[in-house]
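Below is one structure, written out as structure tokens, with a few remarks after it.
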Amino acid sequence: MKSVPYLAAVGALMYLATTTRPDIAYTVGYLARFNSNPGLAHWQAVKHLLHYLKGTADFGITYAPDPHFSELFSTFSDVDHGGCKDTRCSTGGYLIKIGSGVVSWSSKLVMPVFALLTLLTLSAYCNLMYVLIGMQTLVQPPI
């Protein structure tokens, strides 16, 4: 695996995930966890992701009214409560859309706190509301 450009590939994918391709953000974040000791399965996953990107090169984010929601903002938030079977860490995140286009998203790995699972969910919602209030002030300035 030393001759395989795993770090360079994951770094390039990370750039894409944070700038133009939010659809690959979770996968790239997961692959980045193995940067210090990638295996053959991780390299195959990188190649699979590159193949996916090649097949979806014409995809993009479209900013138009969303026929499914009457509100200007659509928000989604979730926490998986110990989804990583190895470390029991939780992944929490949110997504904000204006019309049909994504304008903000976040996904974070949280260390296990079994007694405070509800707090993790509440924390994700608070982060979501903080970003949403900032977005709303951009669209509707105060009177």
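Read-outs throughout are calculated quantities, based only on the coordinates presented, and are distinct from any laboratory measurement. Quick caveat: nothing in here was measured; it's all calculated off a predicted structure. Note: ideal-geometry Cβ built from the backbone for every residue, glycine included; neighbour counts use all protein chains shown.
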Assuming R0 = 41 Å, what is the FRET efficiency of residue 56 and residue 136, from their Cβ-Cβ distance, to the nearest 0.05? 0.85
Of 25, 56, 36, whose Cα points farthest to the positive end of the dipole of the chain (charges on the beta-carbon: +1 Lys, Arg; -1 Asp, Glu; origin at the Cα centre)? 36
Give me the tail of P(r) for the chain as a percent: Cα-Cα pairs with distance above 18 Å. 65 percent
Residue by residue, what Karplus-based ³J(HN,Hα) values in Hz, rounded to whole numbers, does the range 84-97 have, using 6.51, -1.76 and 1.60 with θ = phi - 60° and x for Gly and Pro? 7, 6, 6, 10, 6, 6, 9, 10, x, x, 8, 9, 10, 10
For the chain, size of Cβ-based charge dipole, Lys and Arg +1, Asp and Glu -1, in debye: 520 debye
Order of 108, 97, 2 from fewest to most other C-beta atoms within 10 Å? 2, 108, 97
For the chain, what does -39500 (n - 2.57) per DSSP helix run (n ≥ 4), summed and divided by total residues, give at 222 nm, in deg cm²/dmol to the nearest 500? -14000 deg cm²/dmol
Could you give each residue of the range 55-65 its phi-based ³J(HN,Hα) in whole Hz, using Karplus coefficients 6.51, -1.76, 1.60 with θ = phi - 60°, and x for Gly or Pro? x, 10, 4, 8, 6, x, 8, 10, 9, 8, x
With DSSP loop assignment and no more than 14 other C-beta atoms within 10 Å, the chymotrypsin sites (Phe, Trp or Tyr not before Pro) in the range 4-95 are 59, 63, 69
Cβ-based exposure ranking for 49, 7, 40, 13, in which fewest neighbours within 10 Å come first: 40, 7, 49, 13
